[in-house]
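For reference, the structure discussed in these notes is given below.
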Amino acid sequence: MMTKAEYIESLRKLNLKVYFMGEQIENPVDHPMIRPSMNSVAKTYELAEKPEFQDLMTVYSPLIGKKINRFCHLHQSTEDLVNKVKMQRLMGQHTAACFQRCVGMDAFNAIFSTTFEMDQALGTVYHKRFTEYMKFVQENDLTVDGAMTDPKGDRSLSPSKQEDPDLYMHVVEVREDGIVVCGAKAHQTGAVNSHEHLIMPTVAMKEEDKDYAISFAVPSDAEGVFMIYGRQSCDTRKLEDQADMDLGNSQYGGHEALVVFDDVFVPKERVFMCREYEFAGMMVERFAGYHRQSYGGCKVGVGDVLIGAAALAADYNGVPKANHIKDKLIEMMHLNETLYACGIACSAEGERMPAGNYQINLLLANVCKQNITRMPYEIARLAEDIAGGLMVTMPSEKDLRDEKLGPYVDKYLKGAVGTSTENRMRILRLIENITLGTAAVGYRTESMHGAGSPQAQRIMIARQGNLNAKKALAKVIAKIDESKNNK
């Protein structure tokens with residue numbers, strides 16, 4: 001396994017093509033806009049080195065016969081699925097941000113099981129290829145950007161009916177030695193911090209869409225691949241001098257990018273689906289299930305930090321004993337643990353797939369994510385309520401440090417007796433960061449749209465909820481006689 005230092009050095013060796021605000025970034029690793037997000041990924045390597053976290057962060061891989069980082073693992077049991085969620089909560093607690101390796105891990109497991117069943121049905125060799133790719137990932141402890149979401153263009157049109165064919169990733173040429181692809185993947189979490197891009201189709205396909213039914217992997221610095229770094233709320237604070245406090249979370253963060261594939265060649269040994277449109281929906285559904293499970297861990301870990309910050313804000317405001325404050329904190333904990341319970345439940349109810357790895361209970365995973373689209377918003381609202389308006393109106397760190405203005409800031413923003421003005425400002429900035437600033441991308445909007453928007457889960461719940469079986473139960477209890485309906 002790589003150490004934190006080795007991971008950082010491995011990124012320096014990549015020839016990434018990254019653009020931000022119209023300019024190419026020559027050194028993404030040390031760029032102040034990107035570095036906090038890289039630190040979050042580096043934490044996945046750092047914690048794996050610590051003895052106290054070995055059970056969660058590392059696991060034995062039967063593929064290579066070695067201990068590996070769990071983020072590179074193919075789940076071998078329901079215990080693995082449960083430990084995945086526990087690991088994600090731990091990571092959220094240590095970073096209060098998105099740590100960016102979950103999408104790749106979820107893609108590994110979805111593609112592994114889907115390619116197995118594809119080969120069984122069609123006689124293809126994709127599973128063998130993907131197994132070899134997984135050995136490569138595990139041996140080198142790689143961070144992989146799992147990429148599913150296409151720009152999609154006009155949502156009322158299928159991929160093949162779009163005015164611009166590139167709005168969905170597609171095959172433009174099939175060669176004896178591989179394929180050439182064109183398109184883009186949007187909202188790509190941690191793309192700039194990844195060694196590889198692992199591509200999946202974004203929707204179920206029909207035969208006319210078969211050119212869009214593709215899955216493959218390429219290095220992040222492959223010829224024809226470039227990334228356009230996404231903006232986040234309050235992001236340019238990272239470029240300001242003397243703004244450590246104003247960032248709220250100066251050490252960790254997340255990022256998203258638009259990843260463009262401009263006629264990229266993919267060697268055939270790295271192609272895991274090519275025009276097998278019948279299996280696109282299976283891969284999408286399985287990946288979505290795994291990723292909806294993930295949110296029952298990562299969002300809960302960040303929620304732990306936000307709840308702690310709200311409680312500290314109450315202390316610094318001098319109101320920790322107020323009944324309504326205590327009740328709000330209880331409600332925040334109740335909501336957060338409910339999310340965690342769903343993540344654990346869908347894991348404990350998982351099942352072994354024909355390929356040998358384990359999949360979560362899809363119904364409960366969708367229930368988990370449906371709750372995620374709502375409860376973090378309420379937790380954030382309560383945190384803002386407890387924090388008070390000063391969270392968004394207080395002066396900057398520069399003002400606090402200023403020789404003339406500093407004494408006034410310190411004097412008038414002081415809270416409870418015996419507490420520090422600076423500490424009060426710091427905790428309010430952390431709440432602002434998670435609820436309104438850069439971390440709100442991961443904690444709020446990603447909770448709504450990541451792994452599918454709310455309606456996507458409701459469709460899956462309707463499909464998997466087995467309403468007819470529930471009707472049958474009610475008929476038995478109520479002694480319904482169906483023959484009387486025809487009289």
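The values are calculated or read from the model by the stated rules, or taken from the named source; none is laboratory data. Small disclaimer: the values here were computed from a predicted structure and weren't measured. Every residue, glycine as well, gets a Cβ built from its backbone with ideal geometry; the counts of neighbours run over all protein chains shown. Calculation scope for accessible area: heavy atoms of the full protein, side chains included, ligands and nucleic acids excluded. Shrake-Rupley method; radii C 1.70, N 1.55, O 1.52, S 1.80 Å.
Take the conditions of a type in the set (D, E, K, R), closer than 30 Å to G281 by Cβ and either at pLDDT below 95 or crowded, with 21+ Cβ neighbours inside 10 Å (or both) and apply them to E446. Does it pass?
Values: of a type in the set (D, E, K, R): yes; closer than 30 Å to G281 by Cβ: yes; either at pLDDT below 95 or crowded, with 21+ Cβ neighbours inside 10 Å (or both): yes.
Yes; evaluated as a whole, the condition is true for this residue.
Here is a check on your reading of the model: is A341 open to solvent by 10 Å² or more (accessible area, probe 1.4 Å) and in contact (Cβ under 8 Å) with a residue 60 or more places away in the chain? In short, no. Take V367 and decide whether it is within 29 Å of L247 (Cβ to Cβ) and either of a type in the set (V, I, T) or outside any loop (DSSP other than H, G, I, E, B) (or both). Answer is no for this residue.
Go over the candidates A288, A345, A314 one by one and state the one that is over 30 Å from P201 (Cα atoms) and either assigned to a helix (DSSP H, G or I) or under 17 Å from the mean Cα position of the chain (by Cα) (or both). None of the other options fit; the residue is A314. Filtering the range 138-179 to residues that are over 30 Å from K67 (Cα atoms), of a type in the set (A, V, I, L, M) and open to solvent by 10 Å² or more (accessible area, probe 1.4 Å) leaves L157, L167, V172, V174.
Of the residues making up the range 254-272, just one is open to solvent by 10 Å² or more (accessible area, probe 1.4 Å), within 30 Å of Q232 (Cβ to Cβ) and not in a strand (DSSP E or B), namely G254. Within the range 273-280, one or more residues are in contact with a Leu (Cβ under 9 Å, 6 or more places away or on another chain), at negative phi and open to solvent by less than 30 Å² (accessible area, probe 1.4 Å). The single condition among (1) over 21 Å from the mean Cα position of the chain (by Cα); (2) touching a residue at least 60 places away in the same chain (Cβ under 8 Å) that F99 does not satisfy is (1).
Does L142 satisfy the criteria of being modelled with pLDDT of 95 or more, more than 18 Å from K268 (Cβ to Cβ) and not in a helix (DSSP H, G or I)?
Working: modelled with pLDDT of 95 or more: yes; more than 18 Å from K268 (Cβ to Cβ): yes; not in a helix (DSSP H, G or I): yes.
Taking the combined requirement at face value, the residue satisfies it.
Summed over the range 418-443, the residues that are of a type outside the set (S, T, N, Q), in a loop (DSSP other than H, G, I, E, B) and in contact (Cβ under 8 Å) with a residue 40 or more places away in the chain give a count of 3. Which one is most open to solvent (accessible area, probe 1.4 Å) among residues in the range 418-443 that are within 23 Å of the chain's Cα centre (by Cα) and aliphatic (A, V, I, L, M)? Checking each candidate, the answer is L436. For V125, the conditions (1) without any contact (Cβ under 8 Å) to a residue 24 or more places away in the chain; (2) under 23 Å from the mean Cα position of the chain (by Cα) all hold with the exception of (2).
Go through the residues of the range 409-417 one by one and say whether even a single one is surrounded by fewer than 13 Cβ atoms within 10 Å (Cβ to Cβ) and either of a type in the set (D, E, K, R) or assigned to a loop (DSSP other than H, G, I, E, B) (or both). Checked the range 409-417: at least one residue is surrounded by fewer than 13 Cβ atoms within 10 Å (Cβ to Cβ) and either of a type in the set (D, E, K, R) or assigned to a loop (DSSP other than H, G, I, E, B) (or both). The set of residues from the range 13-63 being in a loop (DSSP other than H, G, I, E, B), without any contact (Cβ under 8 Å) to a residue 40 or more places away in the chain and among the charged types (D, E, K, R) comprises K13, E26, K50.
Between R70, R12, the distinction of being charged (D, E, K, R) and open to solvent by 10 Å² or more (accessible area, probe 1.4 Å) belongs to R12 only.
Check whether at least one residue in the range 356-373 is open to solvent by 10 Å² or more (accessible area, probe 1.4 Å), within 19 Å of the chain's Cα centre (by Cα) and either at pLDDT below 95 or of a type in the set (K, R) (or both), and report yes or no. Checked against the condition, which is being open to solvent by 10 Å² or more (accessible area, probe 1.4 Å), within 19 Å of the chain's Cα centre (by Cα) and either at pLDDT below 95 or of a type in the set (K, R) (or both), the range 356-373 yields no hits at all. One residue is enough: does the range 54-62 have a residue meeting the conditions at pLDDT below 95 and either open to solvent by 60 Å² or more (accessible area, probe 1.4 Å) or under 25 Å from D235 (Cα atoms) (or both)? Checked against the condition, which is being at pLDDT below 95 and either open to solvent by 60 Å² or more (accessible area, probe 1.4 Å) or under 25 Å from D235 (Cα atoms) (or both), the range 54-62 yields no hits at all.
Inside the range 98-137, residues that are aliphatic (A, V, I, L, M), under 28 Å from R444 (Cα atoms) and open to solvent by 10 Å² or more (accessible area, probe 1.4 Å) make up a count of 1.
Would you check which residues across the range 230-253 are part of a loop (DSSP other than H, G, I, E, B) and of a type in the set (S, T, N, Q) and list them?
Residues of the range 230-253 part of a loop (DSSP other than H, G, I, E, B): 230-234, 240-243, 248-253.
If the condition is that a residue be part of a loop (DSSP other than H, G, I, E, B) and of a type in the set (S, T, N, Q), then Q232, S233, Q242, N249, S250, Q251 are the ones that fit.
Residues that are over 15 Å from A257 (Cβ atoms), of a type in the set (S, T, N, Q) and modelled with pLDDT of 95 or more are absent from the range 181-190.
So, in the range 64-82, how many residues would count as being in a helix (DSSP H, G or I) and more than 15 Å from R352 (Cα to Cα)? Quick ask: steps written out before the conclusion?
Taking the range 64-82 as the starting set, the residues that turn out to be in a helix (DSSP H, G or I) are 70-72, 78-82.
Next, only the ones that are more than 15 Å from R352 (Cα to Cα) stay: 70-72.
Residues flagged as in a helix (DSSP H, G or I) and more than 15 Å from R352 (Cα to Cα) within the range 64-82 amount to 3.
In the range 222-229, is there at least one residue being under 26 Å from V29 (Cβ atoms), assigned to a loop (DSSP other than H, G, I, E, B), in contact with a Lys or Arg (Cβ under 7 Å, 6 or more places away or on another chain) and open to solvent by less than 60 Å² (accessible area, probe 1.4 Å)? Talk me through it step by step, then tell me what you get.
Looking only at the range 222-229, we keep the residues that are under 26 Å from V29 (Cβ atoms), and these are 222-229.
Subset that is assigned to a loop (DSSP other than H, G, I, E, B): 222-224.
With in contact with a Lys or Arg (Cβ under 7 Å, 6 or more places away or on another chain) added as a condition, the list becomes none.
No - not one qualifying residue is present in the range 222-229.
Looking at the range 42-49, can you tell me whether even one residue there is within 22 Å of E9 (Cα to Cα), of a type in the set (S, T, N, Q) and modelled with pLDDT of 95 or more? There is at least one residue in the range 42-49 that is within 22 Å of E9 (Cα to Cα), of a type in the set (S, T, N, Q) and modelled with pLDDT of 95 or more.
Of all residues in the range 32-53, how many are over 22 Å from the mean Cα position of the chain (by Cα) and either more than 18 Å from T95 (Cα to Cα) or surrounded by 22 or more Cβ atoms within 10 Å (Cβ to Cβ) (or both)? Of the residues in the range 32-53, 1 are over 22 Å from the mean Cα position of the chain (by Cα) and either more than 18 Å from T95 (Cα to Cα) or surrounded by 22 or more Cβ atoms within 10 Å (Cβ to Cβ) (or both).
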